[in-house]
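Heads up: the structure comes next, in structure tokens.
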Amino acid sequence: MGLLSSKKSLVGLALMVVGTLAFLPGLLPNATFLSAVGLVVGAIVLTAGTWLVGTDGDGRPV
């Protein structure tokens, strides 16, 4: 089973990309409080995407 063969994997992959992009504004030296809150949101979205991709295949989740 390939990574792009199911809807669950595609949604997880999209969430991983969005979560990674949400980190970028908060990592800048002149980040505001709102962009620092984006770090928390990015971490949650990235974790959810990773979980979806990791639990998509048969057998034990990785």
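Read-outs throughout are calculated quantities, based only on the coordinates presented, and are distinct from any laboratory measurement. None of these values were measured; they are calculated from a predicted model. All Cβ positions, glycine included, derive from the backbone under ideal geometry; neighbour counts span all protein chains shown.
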Sites residue 43 and residue 10, calculated FRET efficiency, Cβ-Cβ separation with R0 25 Å, nearest 0.05
0.75
For segment 23-30, 3J(HN,Hα) per residue [Karplus equation, 6.51 cos²θ - 1.76 cosθ + 1.60, θ = phi - 60°, Hz, x = Gly/Pro]
6, 4, x, x, 8, 6, x, 9
Phi-derived 3J(HN,Hα) across segment 47-59 with the Karplus relation (6.51, -1.76, 1.60, θ = phi - 60°), rounded Hz, x for Gly and Pro, is 5, 5, x, 5, 5, 4, 5, x, 9, 6, x, 6, x
In a Gaussian network model over the chain where Cα atoms closer than 10 Å are linked, find which of 22, 43, 31 has the largest mean-square fluctuation.
31
Going fewest to most other Cβ atoms within 10 Å around each Cβ, 40, 18 line up as 40, 18
As a test of the definition: which semi-axes, in Å, follow for the chain when you take the square root of five times each eigenvalue of its alpha carbon gyration tensor? Largest first, please.
29, 10, 7
